[in-house]
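Note sheet for the following structure.
The values are calculated or read from the model by the stated rules, or taken from the named source; none is laboratory data. Everything numeric in this text was worked out from a predicted model, so none of it was measured. Cβ coordinates were reconstructed from backbone atoms using ideal geometry, including for glycine residues, and neighbour counts include every protein chain displayed. Heavy atoms of the whole protein, side chains included, go into the accessibility calculation; ligands, DNA and RNA do not. Shrake-Rupley method; radii C 1.70, N 1.55, O 1.52, S 1.80 Å.
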Amino acid sequence: MTQLIAELCQNHLGDRQILKKMVEEASIAGADFCKIQSMKAASLTVRKKFEEGETDEQGNITTIKRPYDREYERLSPLDLNDDDHKYFIDMCRENSIQPLTTVFTRDRVEFLSRLDWGHKKIKVASFDCRSLPLLKDLVDAGFKHLLISTGSTFDEEIEKTAQFLNQLNCKFTFLHCVSVYPTPLKEGHLDRIDYLRGLTDNVGFSEHSSYENDGLKLTMLSLTKNIQWIERHFTSIDKSLTKDGIVSLDREQLRELADLCKM
């Protein structure tokens, strides 16, 4: 049976009451895991190419302009502090759903390793698929199973990561991921799941299509490939109120997905 991760991302808006409701509804819908993102806005760094943006000689945008101050102001109210993490885990336990998180910076690894998740799994975002120092930190901290998204990475980078983790004797899952929000059906590239299965027996799909446009079509197709994991963004508030709302499922849509995963 495919394990379903309800990805809360920043849809909780940094509000514990919304976070609590999301955990409750994810459990009611039938998800196996409820996942937060362990990031701190203050850990972001200023990079000139993001401050100014970059274009090539033909005038094509090669780096999107994303100023630090603007991102910090947007993200800082959405931070979950240390106590929020403990509260989240307690809420998951009370609602019989397994807690999970994505680590975004190396300075959070030690703290996360000390929390009682009830398992030794952790999620790694696409942009850190090739971050070998972070992966080494996670293994050294005692995490036994890394779930790694593979969007925005080249084949040689994914293969290097697989080789590295095999050398460390660490279990890992590669999640096919298209880092386009929302992902059009024609950009789903589900054949990539077969490629990833050549690197590890444990594979999945981190899905970012629009339910309003395409329903669960990509999900249903991915399930025909006998994947072990599927991850979908989830929200308990109006989708228009959050940046990730456009790729998020509500409770009934998540229930529909959970039913498919159990077939």
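Among the residues of region 51-68, which ones are surrounded by 10 or more Cβ atoms within 10 Å (Cβ to Cβ), out of contact with any Asp or Glu (no Cβ under 7 Å at 6 or more places or on another chain) and modelled with pLDDT of 85 or more?
Matches in region 51-68: 51, 52, 53, 54, 55, 61.
Go through region 116-127 residue by residue and tally those that are open to solvent by 30 Å² or more (accessible area, probe 1.4 Å) and either modelled with pLDDT under 95 or under 17 Å from residue 82 (Cβ atoms) (or both).
Qualifying residue count, region 116-127: 2.
Yes or no: residue 1 touching a residue at least 60 places away in the same chain (Cβ under 8 Å), in contact with a Cys (Cβ under 8 Å, 6 or more places away or on another chain) and of a type outside the set (S, T, N, Q)?
Spelling it out, residue 1 is indeed touching a residue at least 60 places away in the same chain (Cβ under 8 Å), in contact with a Cys (Cβ under 8 Å, 6 or more places away or on another chain) and of a type outside the set (S, T, N, Q).
In contact with a helix residue (DSSP H, G or I) (Cβ under 7 Å, 6 or more places away or on another chain) and not aliphatic (A, V, I, L, M): is that true of residue 208 in this structure?
yes
Is it the case that region 189-203 has a residue that's open to solvent by less than 10 Å² (accessible area, probe 1.4 Å), touching a Cys at 6+ places or on another chain (Cβ under 9 Å), in contact (Cβ under 8 Å) with a residue 40 or more places away in the chain and not aromatic (Phe, Trp, Tyr)?
No, the conditions are met nowhere in region 189-203.
Looking at (1) open to solvent by less than 10 Å² (accessible area, probe 1.4 Å); (2) modelled with pLDDT under 95, which is the only condition residue 103 fails?
Only one criterion in (1) open to solvent by less than 10 Å² (accessible area, probe 1.4 Å); (2) modelled with pLDDT under 95 is unmet by residue 103, namely (2).
Among the residues of region 1-32, how many are β-branched (Val, Ile, Thr) and open to solvent by 10 Å² or more (accessible area, probe 1.4 Å)?
Summing the residues that are β-branched (Val, Ile, Thr) and open to solvent by 10 Å² or more (accessible area, probe 1.4 Å) in region 1-32 gives 3.
What are the residue pairs meeting all of these: first residue in region 215-233, first residue under 17 Å from residue 187 (Cα atoms), second residue open to solvent by 10 Å² or more (accessible area, probe 1.4 Å), Cβ atoms under 6 Å, and 6 or more apart or on different chains?
Partner pairs satisfying both residue conditions: 221/190; 222/190.
Can you pull out the residues in region 148-174 that are at pLDDT 95 or above and at positive phi?
Hit for region 148-174 is 169, nothing else.
Kindly indicate whether residue 175 is in contact (Cβ under 8 Å) with a residue 40 or more places away in the chain and touching a strand residue (DSSP E or B) at 6+ places or on another chain (Cβ under 6 Å).
yes
For region 213-263: of the residues being among the polar types (S, T, N, Q) and open to solvent by 10 Å² or more (accessible area, probe 1.4 Å), which is nearest to residue 182 (Cα to Cα)?
Ranking the qualifying residues of region 213-263, first place goes to 213.
Would region 185-192 turn up any residue that is touching a Gly at 6+ places or on another chain (Cβ under 8 Å) and modelled with pLDDT of 95 or more?
No, because not a single residue in region 185-192 is touching a Gly at 6+ places or on another chain (Cβ under 8 Å) and modelled with pLDDT of 95 or more.
Considering only region 132-150, state which residues are in a loop (DSSP other than H, G, I, E, B) and surrounded by fewer than 18 Cβ atoms within 10 Å (Cβ to Cβ).
Within region 132-150, 141, 142, 144 qualify.
Which residue, of 35, 48, is open to solvent by less than 40 Å² (accessible area, probe 1.4 Å) and either basic (Lys, Arg) or touching a Pro at 6+ places or on another chain (Cβ under 6 Å) (or both)?
35
Could you pull out the residue among 113, 76, 96 that is surrounded by fewer than 14 Cβ atoms within 10 Å (Cβ to Cβ) and either in a helix (DSSP H, G or I) or not small (Gly, Ala, Ser) (or both)?
Step by step, each of 113, 76, 96 is checked, and only 76 is surrounded by fewer than 14 Cβ atoms within 10 Å (Cβ to Cβ) and either in a helix (DSSP H, G or I) or not small (Gly, Ala, Ser) (or both).
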